[in-house]
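Enquirer: Have a look at this one.
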Amino acid sequence: MTESTMKPPKKALTPVKWMREHLFSTWYNSLLTVVVGYLVVTSVGPLLNWALFDANFQGADASDCSGAGACWLFISQRLNFFIYGFYPDELQWRVDIMFLLLAVAFVPQFIERFPGRKWFGIFGMTGLPVIGYFLIPGGNFGLETVESTKWGGLMLTLILAYIGILASLPIGVLLALGRRSEMPIIRGLSVVFIEVWRAVPLITVLFMASVMLPLFLPEGMNFEKLMRALIGITLWQSAYMAEVIRGGLQAIPRGQYEAADALGLGYWKKMGLVVLPQALKLVIPGIVNTFISLFKDTTLVLIIGLFDVLGTVQSTVTDPAWQNVAVEGYVFVAFCFWIFCFGISRYSQNLERKLDTGHKT
Amino acid sequence: MGNPMTEQTQTSEVKSSAQGETGKNPGIIRVEGMHKWYGDFHVLKDLNLTVKQGERIVICGPSGSGKSTFIRCINRLEEHQQGKIIVDNVELTDDIRHIDTVRREVGMVFQHFNLFPHLTVLENCCLSPIWVRKVPRKEAEASAMEYLERVKIPDQAHKFPGQLSGGQQQRVAIARALCMKPKIMLFDEPTSALDPEMIKEVLDVMIELAGSGMTMLCVTHEMGFAKTVADRVIFMDGGEIVEEAPPHDFFSNPQEARTQQFLKQILAH
Ligand SMILES: Nc1ncnc2c1ncn2[C@@H]1O[C@H](COP(=O)(O)OP(=O)(O)OP(=O)(O)O)[C@@H](O)[C@H]1O
Ligand SMILES: [Mg+2]
């Protein structure tokens, strides 16, 4: 690891050389380049025309759309609904604050040298949900109550995904540890929990949470539908998370456990300081994959009557006042999901790079 | 191991520290009639051993004879099923508090180092003092640096284990164990995963440690080391202690046939 002033020789490539090396190196590469090039050229033009040049951005309702291109004013006109659902207009600043805090907590995570970015992240995982817990439903501190039935749109999607992700990670860790525990009762319970939840489709979980759970709960104890959906999603997700994390735990060599034991670290310190940091790092790709699929699976809450971003768009494109805007609507939804999922993915790559300590086994 | 310097260490202070403790202490480690099974396999058979404070014991024997299992019983990485193990007046039983107490006083160095790859060298050394002994971080780091200096790698303190050579890693592992200020150090073949040129740097550290009066149990095939620092050499075979003698007698005048055979093999090359 000694510093050296000598740099590896740079490969200087002229554009022509670059093309020859990357696009036309063999006859089949050349063929592929030509075919793909043709497809790109013929499809990009119409796509741009539809999305930009022939599209309508200005106006008030469907009659302002020419029909030649995309009717984006549909999105801008109904944007409020897509983001806040039925959340009252005059109280939407509360949601805006949460969006802002979300950005404050997570944008620094993408900026390598941002001072104290770790603390912003920690805030995002602790302070942010607490503030949201009081701010969004209201009912305390002189804030007007907003029933959870009024929540919807992107805001609801983010709430479901955020809480699902945040809660399923620690529960998943505990379940994974439980499944590898030496105590038969704990191990048995963990196995049963994981295998039961993992074997049930999320739709079924949501149905049961919204229809069956109230039947089992004692008289007078009733959660809101959203709460029930959240609990269902979290437990279901935890079972998946547990198995991903167990994979990581199994990859940690026995010597690590023994060294921790020999140093006198007890069970929780051994796990928390030695085993889990390594195991979680190993399975970051798996964890992120699970997060991303959860993020998208939240759209299933539509079937129990919650309007997430997909739900709000879907209910609008079937609105007689707006016709033939389904494509625009779904492109918008896809874009919303893509932005967040891509963000999660980029962040995890940053994290993996940062945690790399040059140890390969 | 024809190292003239180490031979000197042996004759001067090394022996005296061990004898100073004789008599007043019944033995910092006492193993009495200890048996262990893996399933139906009887690995350790009726082991008896008393180690006095400051004594240095070398354990050798053919592969599979139970040497590792034996020393791993002393800090309860393995459980024994019969007999007694008493370390620093604490008997090892199922009682988790006894186990914790013993592990705090017993450091261990493994064949494959087992450093924590996600922590820097310094963090490896400070982890247990901070979390188990509750030493303030500053103090723990200062003390860790002293031990890293003692094993001659203070300049590597902020690197990760994956960036060090095998010999350096093993010296970090020794420093990490010493940071807990243990009364006893166990070594399980600390040099057998190392390239020949790195063996000496680790042995030198161990010899220095032996000179400081540390109670040591070393499983090793480094006979030069045994001759230099051991107070007693124990030969194990088939899960039994076959022979036990001071190094001079052990090497020049082994009593048991199995010991003679083993020594013939190991000294042949
Ligand atoms: N976890 C285990 N389960 C079952 N048998 C084991 C286990 N660990 C070790 N053994 C067996 O116990 C015997 C003693 O093993 P041990 O590792 O103590 O030998 P050793 O003297 O240290 O040998 P080596 O010089 O190869 O390290 C061997 O026959 C081994 O196969
Ligand atoms: Mg061994």
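The values are calculated or read from the model by the stated rules, or taken from the named source; none is laboratory data. This one's a predicted model, so the numbers in the text were calculated from it and none came from an experiment. Note that each Cβ is placed from the backbone with ideal geometry, even for glycine, and that neighbours are counted across all protein chains shown. Calculation scope for accessible area: heavy atoms of the full protein, side chains included, ligands and nucleic acids excluded. Shrake-Rupley method; radii C 1.70, N 1.55, O 1.52, S 1.80 Å.
Enquirer: Can you find a residue that is open to solvent by less than 10 Å² (accessible area, probe 1.4 Å), in contact (Cβ under 8 Å) with a residue 24 or more places away in the chain, within 14 Å of ligand 1 (Cβ to nearest atom) and at positive phi anywhere in the stretch B:40-50?
Expert: No, the stretch B:40-50 contains no residue that is open to solvent by less than 10 Å² (accessible area, probe 1.4 Å), in contact (Cβ under 8 Å) with a residue 24 or more places away in the chain, within 14 Å of ligand 1 (Cβ to nearest atom) and at positive phi.
Enquirer: Just name the residue that is most open to solvent (accessible area, probe 1.4 Å) out of those in the stretch A:189-202 that are closer than 16 Å to A:T234 by Cβ and among the hydrophobic types (A, V, I, L, M, F, W, C).
Expert: A:V196
Enquirer: Let me ask something additional. With the checklist (1) crowded, with 20+ Cβ neighbours inside 10 Å; (2) within 14 Å of chain B (Cβ to nearest Cβ); (3) assigned to a helix (DSSP H, G or I) in hand, flag the one item A:F295 doesn't pass.
Expert: With (1) crowded, with 20+ Cβ neighbours inside 10 Å; (2) within 14 Å of chain B (Cβ to nearest Cβ); (3) assigned to a helix (DSSP H, G or I) applied to A:F295, the lone miss is (2).
Enquirer: Taking the stated definitions as given, is A:V192 assigned by TED's automatic domain parsing to the domain that holds A:R228, modelled with pLDDT of 90 or more and out of contact with any helix residue (DSSP H, G or I) (no Cβ under 6 Å at 6 or more places or on another chain)? Step through it out loud before you land on a result.
Expert: Working: assigned by TED's automatic domain parsing to the domain that holds A:R228: yes; modelled with pLDDT of 90 or more: yes; out of contact with any helix residue (DSSP H, G or I) (no Cβ under 6 Å at 6 or more places or on another chain): yes.
Yes; evaluated as a whole, the condition is true for this residue.
Enquirer: Scan the stretch B:126-133 and give yes if some residue there is open to solvent by 40 Å² or more (accessible area, probe 1.4 Å), more than 8 Å from chain A (Cβ to nearest Cβ) and either under 20 Å from B:G211 (Cα atoms) or charged (D, E, K, R) (or both), otherwise no.
Expert: Here is the first cut: in the stretch B:126-133, the residues open to solvent by 40 Å² or more (accessible area, probe 1.4 Å) are B:131, B:133.
So of that shortlist, the ones also more than 8 Å from chain A (Cβ to nearest Cβ) come out as B:133.
Of the ones still in play, those that are also either under 20 Å from B:G211 (Cα atoms) or charged (D, E, K, R) (or both) are B:133.
Among the residues of the stretch B:126-133, at least one is open to solvent by 40 Å² or more (accessible area, probe 1.4 Å), more than 8 Å from chain A (Cβ to nearest Cβ) and either under 20 Å from B:G211 (Cα atoms) or charged (D, E, K, R) (or both), which makes the answer yes.
Enquirer: For the stretch B:51-68, give me the residue count where each residue is within 14 Å of ligand 1 (Cβ to nearest atom), at positive phi and in contact (Cβ under 8 Å) with a residue 24 or more places away in the chain. Before you say what the answer is, go through the steps one by one.
Expert: Looking only at the stretch B:51-68, we keep the residues that are within 14 Å of ligand 1 (Cβ to nearest atom), and these are B:58-68.
So of that shortlist, the ones also at positive phi come out as B:61, B:64, B:66.
From what's left, in contact (Cβ under 8 Å) with a residue 24 or more places away in the chain: B:61, B:66.
Count: 2.
Enquirer: Can you name every residue in the stretch B:32-68 that is in contact with a Phe, Trp or Tyr (Cβ under 8 Å, 6 or more places away or on another chain) and among the β-branched types (V, I, T)?
Expert: Passing the criteria: B:V43, B:V58, B:I59.
Enquirer: Please state which one of B:I71, B:I99 is aliphatic (A, V, I, L, M), outside any strand (DSSP E or B), away from ligand 1 (no atom under 16 Å from the Cβ) and open to solvent by less than 20 Å² (accessible area, probe 1.4 Å). Write out each step before concluding.
Expert: Values: B:I71 fails: away from ligand 1 (no atom under 16 Å from the Cβ).
Within the list B:I71, B:I99, the selection yields B:I99.
Enquirer: Let me ask you something else. Suppose we filter the stretch B:146-157 for residues that are surrounded by 17 or more Cβ atoms within 10 Å (Cβ to Cβ) and either within 13 Å of chain A (Cβ to nearest Cβ) or part of a helix (DSSP H, G or I) (or both); how many remain? Quick ask: steps written out before the conclusion?
Expert: Within the stretch B:146-157, the first condition is being surrounded by 17 or more Cβ atoms within 10 Å (Cβ to Cβ), and the residues that meet it are B:147-148, B:150-151, B:153, B:156-157.
If we keep only those that are either within 13 Å of chain A (Cβ to nearest Cβ) or part of a helix (DSSP H, G or I) (or both) as well, we get B:147-148, B:150, B:156.
Summing the residues that are surrounded by 17 or more Cβ atoms within 10 Å (Cβ to Cβ) and either within 13 Å of chain A (Cβ to nearest Cβ) or part of a helix (DSSP H, G or I) (or both) in the stretch B:146-157 gives 4.
Enquirer: Taking the conditions exactly as written (over 26 Å from A:Y347 (Cα atoms) and part of a loop (DSSP other than H, G, I, E, B)), does A:V192 satisfy them or not? Let's see the steps before the verdict.
Expert: Working: over 26 Å from A:Y347 (Cα atoms): yes; part of a loop (DSSP other than H, G, I, E, B): no.
Judged against the criteria, A:V192 is not a match.
Enquirer: Among the residues of the stretch A:90-111, what is the count of those that are touching a residue at least 24 places away in the same chain (Cβ under 8 Å) and surrounded by fewer than 11 Cβ atoms within 10 Å (Cβ to Cβ)?
Expert: Going through the stretch A:90-111 one residue at a time, the tally reaches 0.
Enquirer: So, in the stretch A:60-76, of the ones that are open to solvent by 40 Å² or more (accessible area, probe 1.4 Å) and touching a helix residue (DSSP H, G or I) at 6+ places or on another chain (Cβ under 9 Å), which residue ends up farthest from A:G153 (Cα to Cα)? Working first, answer last.
Expert: Taking the stretch A:60-76 and keeping what is open to solvent by 40 Å² or more (accessible area, probe 1.4 Å), we get A:60-61, A:63-64, A:66-68, A:72, A:76.
Imposing the further condition that a residue be touching a helix residue (DSSP H, G or I) at 6+ places or on another chain (Cβ under 9 Å) reduces the set to A:60-61, A:64, A:68, A:72.
Values: A:A60: 21, A:D61: 20, A:D64: 25, A:A68: 28, A:W72: 18 Å.
The extreme case among them is A:A68.
Enquirer: Give the stretch A:309-361 a look and list any residue that's assigned to a loop (DSSP other than H, G, I, E, B) and open to solvent by 30 Å² or more (accessible area, probe 1.4 Å), or say none. Can you show your working first?
Expert: As a first pass, look at the stretch A:309-361 and keep what is assigned to a loop (DSSP other than H, G, I, E, B): A:318-325, A:356-361.
Of everything in the stretch A:309-361, those that are assigned to a loop (DSSP other than H, G, I, E, B) and open to solvent by 30 Å² or more (accessible area, probe 1.4 Å) turn out to be A:T318, A:D319, A:P320, A:A321, A:Q323, A:N324, A:D356, A:G358, A:H359, A:K360, A:T361.
Enquirer: Looking at A:V288, A:V301, which is the one that is surrounded by 22 or more Cβ atoms within 10 Å (Cβ to Cβ) and either of a type in the set (A, V, I, L, M, F, W, C) or more than 14 Å from every other protein chain (Cβ to nearest Cβ) (or both)? Please lay out each step first, then the result.
Expert: Values: A:V288 fails: surrounded by 22 or more Cβ atoms within 10 Å (Cβ to Cβ).
When all the criteria are applied, what remains is A:V301.
Enquirer: Only one of these conditions is not met by B:V233: (1) open to solvent by less than 40 Å² (accessible area, probe 1.4 Å); (2) among the aliphatic types (A, V, I, L, M); (3) more than 14 Å from chain A (Cβ to nearest Cβ); (4) within 16 Å of ligand 2 (Cβ to nearest atom). Which number is it?
Expert: The one condition B:V233 does not meet is (4).
Enquirer: Quick one: in the stretch B:87-138, which of the residues that are of a type in the set (D, E, K, R) and in contact with a helix residue (DSSP H, G or I) (Cβ under 8 Å, 6 or more places away or on another chain) is farthest from ligand 2 (Cβ to nearest atom)?
Expert: Once the filter is applied, the top-ranked residue is B:R137.
Enquirer: Got a sec? Which of A:A260, A:A242 is part of a helix (DSSP H, G or I), more than 12 Å from chain B (Cβ to nearest Cβ) and of a type in the set (A, V, I, L, M, F, W, C)?
Expert: Numbers: A:A260 fails: more than 12 Å from chain B (Cβ to nearest Cβ).
So the residue among A:A260, A:A242 that is part of a helix (DSSP H, G or I), more than 12 Å from chain B (Cβ to nearest Cβ) and of a type in the set (A, V, I, L, M, F, W, C) is A:A242.
Enquirer: State which residue pairs qualify: first residue closer than 13 Å to B:G166 by Cβ and inside the stretch B:184-212, second residue of a type in the set (F, W, Y) in any location, beta carbons under 8 Å apart, and separation of 6 or more residues or different chains.
Expert: B:P190/B:F110; B:A193/B:F113
Enquirer: Would you say A:V191 is in contact with a Phe, Trp or Tyr (Cβ under 7 Å, 6 or more places away or on another chain) and among the β-branched types (V, I, T)? First the steps, then the outcome.
Expert: On the way: in contact with a Phe, Trp or Tyr (Cβ under 7 Å, 6 or more places away or on another chain): no; among the β-branched types (V, I, T): yes.
It is false that A:V191 is in contact with a Phe, Trp or Tyr (Cβ under 7 Å, 6 or more places away or on another chain) and among the β-branched types (V, I, T).
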